[in-house]
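First the structure, in the form of structure tokens, and then the observations on it.
The values are calculated or read from the model by the stated rules, or taken from the named source; none is laboratory data. Note that the coordinates shown come from a computational prediction; the quantities given were computed from them, not determined experimentally. For neighbour counting, all protein chains shown are included, and Cβ atoms are generated from backbone atoms with ideal geometry for every residue, glycine included. Only protein heavy atoms, including side chains, enter the accessible area calculation; ligands, DNA and RNA are left aside. Shrake-Rupley method; radii C 1.70, N 1.55, O 1.52, S 1.80 Å.
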Amino acid sequence: MLTATFLTLAGLAAASPIAPRGEGYAPYTWSKAWSLVVNVTDISTDFPNYPIHGRKVVSIHSGAGLNTPTVTKEFSAGADIFFNSETDRTVRRSGSGSPTLPPLGLVEYNNPSIDGEHVHALGVNFGPGTPGFGMSAGPLNPRPCPHLWAPQEGTFVVCDRGIEAPGGIARYAVQFVDGEANSAPRNYYAPEPNVPSNCVAVKLIPQCETPAPEDGQSSQGNVTVGSAQCYPDVASINWSQYAECW
Ligand SMILES: *[C@@H]1O[C@H](CO)[C@@H](O)[C@H](O)[C@H]1NC(C)=O
Ligand SMILES: *[C@@H]1O[C@H](CO)[C@@H](O)[C@H](O)[C@H]1NC(C)=O
Ligand SMILES: *[C@@H]1O[C@H](CO)[C@@H](O)[C@H](O)[C@H]1NC(C)=O
């Protein structure tokens with residue numbers, strides 16, 4: 001009896017993403033460019049055969065002017081670098097700036113019949129991107145735990161599509177799922193009910209990077225590159241030493 005109760009409690013404790021935590025928040029700084037580190041807040045939900053916690057977001061070519069965000073194959077591999085456009089509240093890819101070419105922007109699709117109900121595929125495509133993506137809330141309203149936010153409420157996910165094919169079909173796709181569970185104050189860790197079973201809910205955490213000199217310039221006009229909160233080295237953060245995010 002006692003053993004059974006103990007095992008049940010131990011199981012619950014292990015499954016809970018919220019363990020006792022320290023005080024204060026992991027120290028962050030500011031940069032005009034950042035990469036995205038995948039953070040699985042409930043580590044028990046990570047893919048057992050291909051853990052994604054700590055990998056970075058990188059997009060692969062999937063058509064003319066189209067790129068699909070996936071996760072790095074190696075934890076140490078290079079990642080996409082992004083910046084906030086303050087001018088139109090979009091997220092754009094750094095290093096693609098040029099006065100003669102269009103920008104590359106983070107795009108959200110809305111094709112439920114293709115991607116599934118509540119699920120949105122993402123792209124890093126020619127053009128400014130979908131307004132409403134952004135990193136941190138800006139210098140006047142910093143967040144204790146900055147992460148990428150989307151045009152609507154919900155969560156980023158990484159989905160195992162089961163197949164990998166040449167020509168731009170990445171097996172692990174970074175996508176977005178609509179939902180309202182984690183958006184209320186202090187509900188940072190609440191699981192979203194609409195996450196499909198082949199997907200893992202994640203936060204995309206900013207790691208500071210060096211901006212490219214021509215970021216913000218494009219044939220479609222120039223935009224102001226915003227400063228965003230970011231961590232110098234996400235992998236070195238021991239989250240349990242800091243307060244819970246909210
Ligand atoms: C990252 O995930 C860990 C659990 O693996 C969690 O404790 C921490 O709060 C998360 N950090 C952010 C900024 O989401
Ligand atoms: C964008 O800025 C660059 C560098 O200052 C300049 O050469 C270019 O003409 C600008 N483009 C537009 C559309 O204003
Ligand atoms: C993280 O911090 C906790 C609390 O201080 C400590 O018990 C744990 O060993 C640390 N983990 C690592 C990997 O350093």
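Every pair of different Cα atoms in the range 74-156 enters the Kirkwood calculation, which places the hydrodynamic radius at 14.1 Å. Protein-only accessible surface at a 1.4 angstrom probe places the residues Trp149, Trp246 in the order Trp246, Trp149, largest first. Treating r as the C-beta distance of Arg171 and Leu101 and R0 as 41 Å, the FRET efficiency rounds to 0.85. Estimated from helices alone, the mean residue ellipticity of the chain at 222 nm is -2000 deg cm²/dmol (sum of -39500 (n - 2.57) over DSSP H runs with n ≥ 4, per residue). Across the chain, C-alpha contacts under 8 Å between residues 6 or more apart give a mean separation that, scaled by the residue count, equals a relative contact order of 28 percent. Our coupling estimate for the range 221-234, obtained by passing each phi through the Karplus curve with A = 6.51, B = -1.76, C = 1.60 and θ = phi - 60°, is x, 9, 10, 7, 7, x, 7, 9, 5, 7, 9, x, 8, 4 Hz, Gly and Pro reported as x. Against the empirical 2.2 N^0.38 Å (N residues), the range 123-246 has a Cα radius of gyration ratio of 1.20. Computed from Cα atoms, the angle from the helix 2-15 axis to the main principal axis of the chain rounds to 10 degrees.
The Rg/Rh ratio for the chain, using Cα coordinates for both the radius of gyration and the Kirkwood hydrodynamic radius, is 0.98. Of the solvent-accessible surface of the range 29-241, computed with a 1.4 Å probe over protein heavy atoms with every protein chain present, carbon and sulfur atoms account for 53 percent.
Across the range 168-235, Cα-Cα pairs more than 16 Å apart make up 69 percent of the total.
Using all pairs of distinct alpha-carbon atoms, the Kirkwood hydrodynamic radius of the range 83-130 works out to 11.6 angstrom. Loop exposure criterion: GluC sites (Glu not before Pro), DSSP state outside H, G, I, E and B, at most 13 other Cβ atoms within 10 Å. Applied to the chain, the longest stretch between such sites is 165-246.
Note on the range 29-241: dipole from Cβ charges, positive end direction compared against Val225, Ala181, Tyr109; the farthest Cα belongs to Val225.
Rounded to the nearest whole Hz, the Karplus-based 3J(HN,Hα) values (6.51 cos²θ - 1.76 cosθ + 1.60, θ = phi - 60°) of the range 168-185 follow the sequence x, 9, 8, 5, 9, 9, 7, 9, 10, 10, 5, x, 10, 5, 9, 9, 5, x, with x at glycine and proline.
Rounded to the nearest 0.05, what FRET efficiency do Arg186 and Ser219 give with R0 = 35 Å and r taken as the Cβ-Cβ distance? Could you check? The formula returns an efficiency of 0.20 here.
Basic side chains Lys and Arg get +1 at the Cβ, acidic Asp and Glu get -1 at the Cβ, and with that the dipole of the range 61-136 about its Cα centre reaches some 200 debye.
Amide H to amide H distances under 5 Å link Val124 with Asn67, Thr68, Val107, where only residues 5 or more positions off or on other chains count and H is placed in the peptide plane. Rounded to the nearest 20, the Cβ-based charge dipole of the range 29-241 about its Cα centre (Lys and Arg +1, Asp and Glu -1) stands at 300 debye. For the chain, the solvent-accessible area with a 1.4 angstrom probe is 50 square angstrom per residue.
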